[in-house]
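The values are calculated or read from the model by the stated rules, or taken from the named source; none is laboratory data. Predicted, not measured: the structure shown is a model, and the values here were computed from it. Don't worry about glycine lacking a Cβ; one is built from the backbone with ideal geometry, like all the others, and counts go over all protein chains shown. Keep in mind that these areas ignore ligands, DNA and RNA; they rest on the heavy atoms of the full protein, side chains included. Shrake-Rupley method; radii C 1.70, N 1.55, O 1.52, S 1.80 Å.
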Amino acid sequence: MGVVILLVMAAGVAAMLSRKLPTAFALVLLAVVIAFLAGAPLTGKNSVFDTVLQEGAPALAATMIAILLGSWLGKLLEETGIAGTLVRKIVEFGGDRPVFVALGVLAVSALVGTVTGSAPAAMLAGLIGIPAMIAVGIPKVTAAGTILMGIAAGMPFELPVWQFFSTALELPVDTVRGFMLKLFPFALVAATAYVLVESRRRGVEHAWSLKSVQKTSGSRGSSRRQRLGDAPWYALLTPVVPLVLALGFDLAIIPSLLAGVLYALVTTTRPREMNRRLLRTLYGGFEVAAPPITLFVAIGILLAAVKLPGAVDALEPLVKAVSPHNAVLFVLVFTLLVPLCLYRGPLNVFGLGAGIAGVLIATGIYPAVAVLGMATSYNQVFGVADPTSTQTVWSAQYAGVSPQQVMVRTLPYVWAVALGGLCVTAATYL
């Protein structure tokens with residue numbers, strides 16, 4: 001039966017890759033089929049309806065709330081002009097020095113990446129940052145990659161991601177935070193190396209037409225700047241407020257994000273306008289958060305299915321037979337498997353990879369902290385180089401290149417980050 005379950009998982013990957021089914025729908029269907037194959041009854045203990053669907057759907061509720069609050073804070077950064085002001089100040093400081101401009105945009109992208117991920121983060125930093133980089137001679141592919149590498153550098157401090165891994169892998173937030181702090185230096189070095197190497201290797205390219213630059217700089221963001229002006233300097237501290245509270249004062253994730261929302265509101269908004277802005281940005285945050293929340297509902301259902309006793313018993317001997325336990329082999333094998341997290345592949349943690357992580361923990365193949373190290377290392381690759389991820393597609397298209405071009409340029413750097421994370425995992429937890 002374990003072989004049949006693996007074949008069903010392979011069919012699910014094929015359905016997602018071929019876009020026959022949306023990822024969330026494919027994961028739910030996969031979970032129900034796995035539950036039936038594992039011999040789960042329709043109702044009662046360890047059942048399809050009560051355990052997999054009823055208990056699985058809200059299993060990641062804390063993550064969903066954290067995603068919503070991060071999206072709300074992201075909408076506030078956009079509407080209040082905080083994100084745009086950060087990028088403009090960096091561009092003004094860099095002047096006509098391409099590398100300095102790119103490094104500045106990278107830093108802003110990292111800051112934004114600590115608040116919210118995916119396409120919203122790319123837009124907040126990229127709407128001004130990408131045309132500014134191209135205008136000073138940064139190649140288009142490098143400009144798009146800079147935004148993505150910056151977001152990935154901030155990802156180890158993205159509080160909703162901490163909450164996701166904590167809930168999905170049943171680990172304390174402190175444990176997740178501890179590994180993320182170890183992963184951050186690899187992400188930072190890789191992002192900085194990407195800017196320095198790619199901008200110098202490709203040389204200066206003034207390929208962005210004047211018409212395009214004028215159109216971008218004179219669009220909605222410019223009119224908003226004229227209407228609202230730059231955000232006050234103290235409001236620019238908004239992205240670090242949740243981090244300081246969560247890291248420095250050990251405050252829980254949801255209160256930390258709420259504090260960031262309140263700080264952004266109080267430092268940029270007049271009292272009589274607060275109610276309208278709060279509601280407007282909250283509703284906008286719901287729109288941004290809807291797709292990932294839907295995905296997290298499906299992931300919770302899949303995790304509940306693969307943890308059923310019947311599924312664990314069926315998969316345990318097969319997974320044990322192919323899982324390396326030697327630390328060197330662990331690093332070698334899982335480094336070579338990095339491409340399987342691309343194109344919504346089987347090791348993508350926001351897809352079937354979550355189910356595989358659940359199997360590895362439920363069967364006792366690896367300790368949960370080792371699975372955490374593996375999953376977070378792969379997530380650094382997916383968040384930058386996957387041509388199907390929303391932030392990669394948006395950044396590439398906005399810069400005027402294809403997502404595949406961005407993947408080719410960024411993959412060596414994020415692959416190195418994954419290697420670093422897997423080395424730390426093997427040395428620390430195996």
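In straight-distance terms, cross-link reach from residue 45 covers every one of the aspartates and glutamates whose alpha-carbon lies under 20 Å from its own, apart from those fewer than eight places away in the same chain; here that gives 55, 313. What number in nm² do you get for segment 278-410 if you take the convex hull of its Cα atoms and divide its surface by four? Average projection, Cα convex hull of segment 278-410: 10.1 nm².
Length available on full extension from residue 18 to residue 247: 0.36 nm per residue minus the Cα-Cα distance, which gives 78.3 nm. Between beta-carbons, use under 12 Å as the cut-off and find the net charge around residue 180, counting Lys and Arg +1, Asp and Glu -1. In short, 0. Counting charges near residue 247 (Lys, Arg +1; Asp, Glu -1) among other residues having Cβ under 15 Å from its Cβ returns a value of -1.
Can you give the local net charge around residue 115? Use residues other than it whose beta-carbon is closer than 15 angstrom to its beta-carbon, Lys and Arg +1, Asp and Glu -1. My count for the surroundings of residue 115 gives -2.
In order along segment 286-302, the Karplus-derived 3J(HN,Hα) couplings, from 6.51 cos²θ - 1.76 cosθ + 1.60 at θ = phi - 60°, round to 4, 4, 5, 7, 4, x, x, 5, 4, 5, 6, 4, 5, 5, x, 5, 5 Hz, and Gly and Pro are given as x.
Computed as a quarter of the hull surface, the mean projected area of the alpha carbon convex hull for segment 26-109 stands at 8.7 nm². Taken one residue at a time, the phi angles of segment 193-199 give Karplus couplings (6.51, -1.76, 1.60, θ = phi - 60°) of 4, 4, 5, 5, 6, 5, 5 Hz. Gly and Pro are set to x.
Accessible surface calculations at 1.4 Å, restricted to protein heavy atoms, place segment 1-148 at 36 Å² per residue. Between the beta carbons of residue 327 and residue 55, assuming R0 = 45 Å, the FRET efficiency works out to 0.80 to the nearest 0.05. Give the residue from 367, 282, 353 lying farthest towards the positive end of the charge dipole for segment 225-369; charges sit on Cβ (+1 for Lys and Arg, -1 for Asp and Glu) and the dipole is referred to the Cα centre. Working it through, the farthest residue towards the positive pole turns out to be 282. For the chain, the longest piece that avoids every one of the trypsin sites (Lys or Arg not before Pro) found in DSSP loops with at most 14 other C-beta atoms within 10 Å covers 46-430.
Nearest 10 degrees, 0 to 90: what angle lies between the long axis of helix 309-322 and the longest principal axis of the chain (Cα atoms)? Compared with the principal axis, the helix lies near 80 degrees. Once both labels are positioned 7 Å from their Cα atoms along Cα-to-Cβ, the gap between residue 262 and residue 197 label points is 4.5 nm. Computed on segment 115-158, the Cα convex hull volume stands at 57 Å³ per residue. Normalised by the number of residues in segment 69-119, the average gap of Cα pairs under 8 Å and 6 or more apart makes the relative contact order 45 percent. When the alpha carbon coordinates of segment 361-430 are projected onto the principal axes, the ranges are 46, 22, 11 Å, largest first.
As a rough guide to protection, the peptides 324-333, 355-364 ranked by mean Cβ packing within 10 Å, highest first, stand as 355-364, 324-333.
Hey, could you get me the Stokes-Einstein D for segment 293-345, Kirkwood radius over alpha-carbon pairs, 37 °C and 0.692 mPa s, rounded to whole µm² s⁻¹? Reported coefficient: 244 µm²/s. The rule of thumb for compact globular proteins, 2.2 N^0.38 Å, goes into the C-alpha radius of gyration of segment 51-150 1.30 times. Of all the options 156, 309, 239, the one that moves most in a Gaussian network model of the chain with Cα springs shorter than 10 angstrom is 309. Taking the protein heavy atoms of segment 252-379 in the context of the full set of protein chains, the accessible area attributed to carbon and sulfur is 71 percent at 1.4 Å. Calculated FRET efficiency, residue 99 to residue 343, Cβ-Cβ distance, R0 = 25 Å: about 0.20 to the nearest 0.05.
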